[in-house]
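Remarks on the structure that follows.
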Amino acid sequence: MKPILKKSIGITAKFFSSLKTVMQHPMGCIGVLLVGLFLFSAIFAPIISPYNPSDFVGDSLAGPSLSHPIGTDELGRDTFCRVIYGGRIELVLAIAAVSISLFLGLVLGMIAGYGPVWLDNCMVLVFDTIRSFPSIMLSLAILALTEPSVIIIGIVFIINATPGYGRIARAQTLSLKNKEFILAEQSLGAKPMRVILHHLLPNIIGPLLILCAMDIPVVVTVEAGLSFLGLGVLPPTPTWGTILNEGFSVIRESPWPVIAGGVPLILTTLGFTFLGETLRDLFDPKLKGK
């Protein structure tokens with residue numbers, strides 16, 4: 001237990017040290033605060049929200065008040081609660097889709113880069129074939145053949161994003177596989193799985209994690225866009241896209257539902273983008289010091 005405890009303490013200390021470094025930069029500080037606000041509101045939605053997002057609690061299209069900070073929608077549901085619970089759905093969708101895309105791209109990319117040439121060529125052919133389809137057209141085609149839901153939107157993003165992660169993992173693996181420390185490990189009889197897990201993976205995961213931070217708002221925006229068009233998550237599930245869709249139809253009577261659905265999208269996108277840019281500037285050796 002002691003080695004595990006020491007390792008956990010070391011990882012925690014390194015995390016807080018990196019967080020302190022990021023917070024020293026204005027853009028990184030803003031990014032951390034906005035991302036922290038998004039995570040806090042999504043995780044503690046049942047505690048923050050005074051009502052159930054599906055309950056009819058007031059007059060339709062009422063303006064902001066003490067009991068309803070952002071007013072109500074056309075059915076009298078509290079807009080603030082729907083935004084908070086919508087953020088929880090967005091968070092689960094974004095983390096799940098990005099994590100699965102990262103895992104698949106990382107595995108396939110390292111196999112392509114470290115494996116034989118014929119396997120590398122096959123993997124590249126698959127990556128290029130998927131990426132050759134316009135992402136919007138591919139997404140609409142999949143949604144047209146299935147019933148819109150959160151899971152389908154996640155699958156759409158995974159199909160579109162995995163080749164990108166795979167390409168980056170493959171390029172990083174190709175650049176490292178002939179380095180001295182890899183060749184030395186191979187000369188000592190290390191098996192390919194050990195080389196990949198203990199030497200290649202720690203050296204190529206960094207850039208991909210930074211890319212993940214910048215892809216999370218992409219998932220949120222894709223969901224919002226598809227739901228706004230009626231091709232994503234369907235009502236009454238409270239997502240930011242459905243809130244925008246419902247609010248747009250009554251925008252002449254009340255602008256608050258549209259504002260409530262649009263502002264979280266803007267803040268979340270800015271937060272993760274600022275955080276990703278700061279991480280890239282700080283931890284990319286080519287950009288460090290500039």
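The values are calculated or read from the model by the stated rules, or taken from the named source; none is laboratory data. Here the structure is a predicted model, which means the values were calculated and not measured. Here the Cβ is made from the backbone with ideal geometry for all residues, glycine too, and neighbour counts use every protein chain on show. All accessible areas refer to the heavy atoms of the entire protein, side chains included, with ligands and DNA or RNA removed. Shrake-Rupley method; radii C 1.70, N 1.55, O 1.52, S 1.80 Å.
Of the residues making up segment 247-268, those that are in contact with a helix residue (DSSP H, G or I) (Cβ under 6 Å, 6 or more places away or on another chain) and open to solvent by less than 20 Å² (accessible area, probe 1.4 Å) are GLY247, PRO257, ALA260, GLY261, THR268. Pairing residues of segment 181-193 that are within 19 Å of VAL107 (Cα to Cα) with residues that are among the aromatic types (Phe, Trp, Tyr), at Cβ distances under 8 Å and at least 6 apart in sequence or on separate chains, gives PRO192/TYR114. State whether the residues of segment 168-187 include one that is of a type in the set (Val, Ile, Thr), under 23 Å from VAL218 (Cβ atoms) and surrounded by 13 or more Cβ atoms within 10 Å (Cβ to Cβ). Yes, segment 168-187 contains a residue that is of a type in the set (Val, Ile, Thr), under 23 Å from VAL218 (Cβ atoms) and surrounded by 13 or more Cβ atoms within 10 Å (Cβ to Cβ). Examine segment 246-257 for a residue that is modelled with pLDDT of 80 or more and within 19 Å of the chain's Cα centre (by Cα), and state whether such a residue exists. No, segment 246-257 contains no residue that is modelled with pLDDT of 80 or more and within 19 Å of the chain's Cα centre (by Cα).
Count of segment 124-143 residues, restricted to those that are touching a residue at least 24 places away in the same chain (Cβ under 8 Å) and either over 16 Å from ARG170 (Cα atoms) or out of contact with any Gly (no Cβ under 7 Å at 6 or more places or on another chain) (or both), is 9. When every residue of segment 38-53 is checked against the conditions, none turns out to be touching a residue at least 60 places away in the same chain (Cβ under 8 Å), open to solvent by 30 Å² or more (accessible area, probe 1.4 Å) and not basic (Lys, Arg). How many of the residues in segment 66-111 are hydroxyl-bearing (Ser, Thr, Tyr) and within 26 Å of GLY206 (Cβ to Cβ)? The qualifying residues number 2.
Could you check how many residues of segment 204-221 are open to solvent by 20 Å² or more (accessible area, probe 1.4 Å) and either closer than 13 Å to LYS177 by Cα or charged (D, E, K, R) (or both)? Break it down into steps so the answer makes sense when it comes.
Keep residues of segment 204-221 that are open to solvent by 20 Å² or more (accessible area, probe 1.4 Å), which gives 205-207, 209-211, 214-216, 218, 221.
Of the ones still in play, those that are also either closer than 13 Å to LYS177 by Cα or charged (D, E, K, R) (or both) are 215.
Total meeting the criteria: 1.
Per-residue answers, yes or no, for (1) part of a helix (DSSP H, G or I); (2) open to solvent by less than 40 Å² (accessible area, probe 1.4 Å):
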| residue | (1), (2) |
| --- | --- |
| ILE158 | yes, yes |
| THR162 | yes, yes |
| TYR165 | yes, yes |
| PRO202 | yes, no |
| LEU226 | yes, yes |
| LEU234 | no, no |
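The set of residues in segment 231-268 being without any contact (Cβ under 8 Å) to a residue 24 or more places away in the chain and not β-branched (Val, Ile, Thr) consists of PRO235, GLY241, LEU244, ASN245, PHE248, ARG252, PRO255, GLY262.
The residues of segment 116-145 that are modelled with pLDDT of 80 or more and not hydrophobic (A, V, I, L, M, F, W, C), listed by number, are PRO116, ASP120, ASN121, ASP128, THR129, ARG131, SER132. Taking the criterion of being open to solvent by 30 Å² or more (accessible area, probe 1.4 Å) and either under 12 Å from GLY76 (Cα atoms) or assigned to a helix (DSSP H, G or I) (or both), the residues of segment 25-37 that qualify are PRO26, MET27, CYS29, ILE30, VAL32, LEU33, LEU34, GLY36, LEU37. Which condition number does LEU143 fail, the rest of (1) more than 21 Å from PRO192 (Cβ to Cβ); (2) part of a helix (DSSP H, G or I); (3) open to solvent by 30 Å² or more (accessible area, probe 1.4 Å) being met? Looking at each condition in turn, LEU143 falls short on (3).
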